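What follows is one structure encoded as structure tokens, with my remarks underneath.
The values are calculated or read from the model by the stated rules, or taken from the named source; none is laboratory data. As the structure is a prediction and not an experimental result, all values here were calculated from the model. Methodologically, a virtual Cβ is constructed for each residue, glycine included, from the backbone with ideal geometry; neighbour enumeration extends over all protein chains shown. These accessible areas exclude ligands, DNA and RNA; they are computed on the full protein's heavy atoms, side chains included. Shrake-Rupley method; radii C 1.70, N 1.55, O 1.52, S 1.80 Å.
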Amino acid sequence: QVQFVESGGGLVQPGGSLRLSCAASASRFLFDAMGWYRQAPGKQRELVARITRVSSTNYADSVKGRFTISRDNAKNTVYLQMNSLKAEDTAVYYCNKVPPSPNYWGQGTQVTVSS
């Protein structure tokens, strides 16, 4: 059973930073292409950052230059460093393979950007 556990969310002021972590339940479940997704209230879930096993990365235009995705294959973990946060970054953040599998969605971690 594949399981991803997201953590690191919280309440932060605009301009602040957070670092999210996504731990896979076993090394074989950290897929070649992993991604961070987010879903804001009333909106569809969207892919914001993607990373391959050799750490090639891609970002949504809305987060480019502010977010950095990374992975530590030895720790079965994917990270998302989020800087210069904006109110529109408020959402529940999830990790999953790319493309995502409906069976692998975890609980996510809430990020709220507000003064």
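For residues that are touching a strand residue (DSSP E or B) at 6+ places or on another chain (Cβ under 7 Å) and of a type outside the set (A, V, I, L, M, F, W, C), scanning just segment 41-60, find the one that is farthest from Asp72 (Cα to Cα).
If we take residues in segment 41-60 being touching a strand residue (DSSP E or B) at 6+ places or on another chain (Cβ under 7 Å) and of a type outside the set (A, V, I, L, M, F, W, C), then Arg45 is farthest from Asp72 (Cα to Cα).
Checking the structure you have, find out if any residue of segment 27-34 is surrounded by 17 or more Cβ atoms within 10 Å (Cβ to Cβ), of a type in the set (Phe, Trp, Tyr) and not in a loop (DSSP other than H, G, I, E, B).
No - not one qualifying residue is present in segment 27-34.
Okay, residues lined up against (1) within 22 Å of Gln44 (Cβ to Cβ); (2) part of a loop (DSSP other than H, G, I, E, B); (3) modelled with pLDDT of 95 or more:
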site	(1), (2), (3)
Ala74	no, no, no
Ser84	no, yes, yes
Val92	yes, no, yes
Cys95	yes, no, yes
Asn103	yes, no, no
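Working only within segment 69-106, note down all residues that are within 12 Å of Tyr37 (Cα to Cα) and open to solvent by 40 Å² or more (accessible area, probe 1.4 Å).
Lys97, Pro99, Pro100, Trp105
Any residue that is closer than 15 Å to Thr112 by Cα, exposed (fewer than 14 other Cβ atoms within 10 Å of the Cβ) and in contact with a Ser or Thr (Cβ under 9 Å, 6 or more places away or on another chain) - is there at least one of those in segment 47-57?
Within segment 47-57 (the criterion being closer than 15 Å to Thr112 by Cα, exposed (fewer than 14 other Cβ atoms within 10 Å of the Cβ) and in contact with a Ser or Thr (Cβ under 9 Å, 6 or more places away or on another chain)), the answer is no, since none of the residues qualifies.
Are there any pairs, at least 6 apart or on different chains, whose C-beta atoms fall under 7 Å, with the first in segment 86-110 and under 22 Å from Leu11 (Cα atoms) and among the basic types (Lys, Arg) and the second open to solvent by 30 Å² or more (accessible area, probe 1.4 Å) and modelled with pLDDT of 90 or more, and if so, which?
The qualifying pairs are Lys86/Pro14.
Table: residues versus (1) under 18 Å from Val113 (Cα atoms); (2) in contact with a helix residue (DSSP H, G or I) (Cβ under 9 Å, 6 or more places away or on another chain); (3) of a type in the set (Val, Ile, Thr); (4) part of a strand (DSSP E or B).
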residue	(1), (2), (3), (4)
Val2	no, yes, yes, no
Gly16	yes, no, no, no
Tyr37	yes, no, no, yes
Gln44	no, no, no, no
Tyr79	no, no, no, yes
Glu88	yes, no, no, no
